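To start, the structure itself, in structure tokens.
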């Protein structure tokens, strides 16, 4: 469990985080979303005790991070994959972390295997690609087999296989009852990975909800061999119906009515339906609509 209560961080006249309150519960992947400059990384740093809040507090497993008796066994974090001495090998980097946290040396080889770096464990970290550095950062985060994970842009630099792997791993860890908070700018990936979303803009909370609820309904998809007739019926009912296709089984995109209303109307009119599916806006579209006024840097159009 992560608890954030009234958390604020000011740098002179600039407020990076503004009275932020939310909880991250175990058993699900929680996506932490927001435009650049929204305060996501600053919030994660305060949760981890790396930055002192100007006001409020953050607790992990019921305590401030600094009060945890065995931090790496409680919390695993990936904030900066490049924070590794470039002359150390991957194995030596993890051995140093394990030794400083009284972790078994055997765990080093376990996490190297888990993240797919066993074959390059002898190589210096300074020679790693961005994707390999991300995997090493994830290995460090997982070293203590922690109950809580905070991951800042964990798929950055990973190839498609790596993205699928980290997605599967995060969902597996959450299914084991762990708390997983992950920030990302990849909306399509968050739609596949996260169960819940915390969305911030200009340091303030603007949404704390499920992925399903965040991507609001965007009409109804109707597939029927009687599309032309049914479209007229729907329009007469007060809905909007846009046709797609020119043969049997063509589609209607219907707005202005709910899926149950469409179904009842089709039954009353004797219309055969092959499909009746509520459509949802993409996570990306919903995110862009919600944060449009809070984007700090916007390109010309």
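General observations
- Every residue from region 8-19 that is surrounded by fewer than 24 Cβ atoms within 10 Å (Cβ to Cβ) and touching a helix residue (DSSP H, G or I) at 6+ places or on another chain (Cβ under 7 Å): 9, 16
- The combined condition, being assigned to a helix (DSSP H, G or I) and more than 30 Å from residue 34 (Cβ to Cβ), is not fulfilled by residue 241.
- All positions within region 179-195 that are over 8 Å from the mean Cα position of the chain (by Cα) and part of a strand (DSSP E or B): 179, 180
- Scanning region 150-173 for residues that are farther than 29 Å from residue 129 by Cα and out of contact with any strand residue (DSSP E or B) (no Cβ under 6 Å at 6 or more places or on another chain) turns up nothing.
- Condition check for residue 120: within 30 Å of the chain's Cα centre (by Cα), in the same structural domain as residue 162 (by TED's automatic domain parsing), surrounded by 12 or more Cβ atoms within 10 Å (Cβ to Cβ) and closer than 24 Å to residue 70 by Cα: no
- Test for residue 76: is it surrounded by fewer than 16 Cβ atoms within 10 Å (Cβ to Cβ) and farther than 15 Å from residue 6 by Cα: no
- Options 92, 18; residue that is under 29 Å from residue 161 (Cα atoms) and not in a loop (DSSP other than H, G, I, E, B): 92
- Sole residue being in a loop (DSSP other than H, G, I, E, B), assigned by TED's automatic domain parsing to the domain that holds residue 194 and at negative phi, chosen from 144, 131, 137, 126: 144
- Flag for residue 68 being assigned by TED's automatic domain parsing to the domain that holds residue 152, buried (at least 17 other Cβ atoms within 10 Å of the Cβ) and either under 21 Å from residue 135 (Cα atoms) or under 23 Å from the mean Cα position of the chain (by Cα) (or both): no
- Given (1) in contact with a strand residue (DSSP E or B) (Cβ under 9 Å, 6 or more places away or on another chain); (2) loosely packed, with under 14 Cβ neighbours inside 10 Å; (3) under 30 Å from residue 33 (Cβ atoms), number of the condition residue 259 does not satisfy: (2)
- In region 208-238, the residue that is modelled with the highest pLDDT out of those that are assigned to a loop (DSSP other than H, G, I, E, B) and under 24 Å from residue 195 (Cα atoms) is 215.
- Residue 81 meets each of the listed conditions (1) assigned to a helix (DSSP H, G or I); (2) buried (at least 21 other Cβ atoms within 10 Å of the Cβ) apart from (1).
- Residue pairs whose Cβ atoms lie under 7 Å apart, sitting 6 or more positions apart in sequence or on different chains, and linking a residue in region 222-243 that is more than 16 Å from residue 279 (Cα to Cα) to a partner that is modelled with pLDDT under 90 and surrounded by fewer than 13 Cβ atoms within 10 Å (Cβ to Cβ), are 225/248; 225/249.
- When residues of region 51-63 are limited to those that are out of contact with any strand residue (DSSP E or B) (no Cβ under 6 Å at 6 or more places or on another chain) and under 16 Å from residue 20 (Cβ atoms), the one surrounded by the most Cβ atoms within 10 Å (Cβ to Cβ): 51
- Hey, residue 49 over 23 Å from residue 283 (Cβ atoms) and assigned to a loop (DSSP other than H, G, I, E, B) or not: yes
The values are calculated or read from the model by the stated rules, or taken from the named source; none is laboratory data. From a predicted model like this one, the values you see are computed outputs, not experimental measurements. Because the Cβ atoms are built from the backbone with ideal geometry, glycine has one as well, and the counts that use them run over all protein chains shown.
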